[in-house]
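Please read the structure below before turning to the comments.
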Amino acid sequence: MKVLLLKGLVVVCLCLGVQWSAIVSAADLVNMQQSTVHIFALVGNSGATGSGFLVGNGEYAVTNWHVVSSVEQRASLFVITSHNQKTAAQVVWHSAQKDLAILKLENGSAGLAVAFAPRSKVQVGENVYVMGFPGVVDSIEKSTNFYSEVTVTRGIVSREIKFENGIRYYQTDAAVNHGNSGGPLFNDKGQVIGIIAMKPVNREDAVEGIGFAIQCDELLPALAQLGLGYKEDVLAVAAPASVSNTPAVTQQPQQTQKNSGLSVLIMFLVLLVGIGIGLAVWLRRQSSAISNQQMTQMSNSYNEMPKPVVIGVTGQYAGQVIELSSTSIVIGRDPLQANVIFSSDITAVSRVHCIIGFESTKGTFWLEERAHQPSRNGTFLSSGERIQPGRRYTVRNGESFYLSDPGILFEVQLR
């Protein structure tokens, strides 16, 4: 019984710790927002708008090159910070290939510079936050007179991807829209891991839950080249106001007594909650009708449930096992639309070739080509039949299909 009570107290302490962690994260979130800026590239009363973030002690900002590329047509650049300060800016470095640009702010430091987390510290599946200013601006000229609130969306790193131009990106399911371009992709520690660059657009299908951010490793060499120091650490918090070294004596005893009484009350409440949790755990154990052996059997039964996989037999993916973790996967050469991506030089495979999925209620796989986006060289069943675009074909466990010719062959299995 004593052990159960102790466990209850531990649970309460952990819950309090989670709440405290959330408060710290909220503070970091404010810092992240304050480091995010609104970018405008104006030619007359029209132009482009995007997002960015502060670097180099807050005197520089990073964004996408496509947001500010109109400077080549003599566009004027403006940056609006979280303090509602509007400052002119100029491009001091850019790379069209990487779609990145670094701007120098004319009015000096505009706020808190970000810290970075390179690719080696990023894991697929970790939480991320997109900061920026999405949405079509009705009047760009009018919008440069105020600082709109930063929009925050949350998601995960879905995967890493290297495009045909050699640039590395993160794919994320956090909401990304027009206006987010150039904005930061933060991790839970308040570090920038990427720069939002694009989302795939398909005229026929709505594409949601897929956005791409350039990995910050593509930017860091340019910062070093310009002599702009950067940190691979959490965002620095502004220093508190100076405090006198002379101790305050007048109200100190009374405040100490209040704090002491509050601490005793909190400890008493925690103890009561811990006792309650301990009793609940003990009663639940007494009333439980499932033995450890039964639980083990249930666990083993669950683990033995077969999983749908696609296995490469010949071609680029020969020997590789691809799990159907979602309802379907797209096979092709286009990294913006495909999940199983072929090299650009394998022209026998179309940009979007086919889709393979699994119907869990029937335990069968299905294969199809999009009616509006058929492959050029065809998708074939093991019988040699070419599938017709827009029609879904059943593929059973152990059967195969191929793209263009048997040199690119896949097999589906339940493992």
Item checked: Residue count for the stretch 352-394, restricted to those that are part of a loop (DSSP other than H, G, I, E, B) and either in contact with a helix residue (DSSP H, G or I) (Cβ under 8 Å, 6 or more places away or on another chain) or surrounded by fewer than 19 Cβ atoms within 10 Å (Cβ to Cβ) (or both) -> 18
Margin query: Please return the ranges of strands (runs of 3 or more DSSP E) entirely within the stretch 63-147 where 2 or more residues are closer than 29 Å to G166 by Cβ, assigned by TED's automatic domain parsing to the domain that holds F163 and at pLDDT 85 or above.
Written below: 86-95, 100-105, 127-132
Next item on the list: Given the conditions (1) among the charged types (D, E, K, R); (2) more than 29 Å from K162 (Cα to Cα); (3) touching a residue at least 40 places away in the same chain (Cβ under 8 Å), report the number of the one that K362 does not fulfil.
Entry: (3)
Margin query: Residues to consider are S291, S287, S299, S325; find the one that is modelled with pLDDT under 85 and either acidic (D, E) or closer than 30 Å to R376 by Cα (or both).
Written below: S325
Note to self: Looking at V124 and the list (1) buried (at least 17 other Cβ atoms within 10 Å of the Cβ); (2) farther than 15 Å from E59 by Cβ; (3) among the hydrophobic types (A, V, I, L, M, F, W, C); (4) within 29 Å of the chain's Cα centre (by Cα), which single condition is not satisfied?
What the structure shows: (1)
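The values are calculated or read from the model by the stated rules, or taken from the named source; none is laboratory data. If you're wondering where the values come from, they're calculated on a predicted model, not measured in any experiment. Every residue, glycine among them, receives a Cβ derived from its backbone with ideal geometry; neighbour counts consider all protein chains shown.
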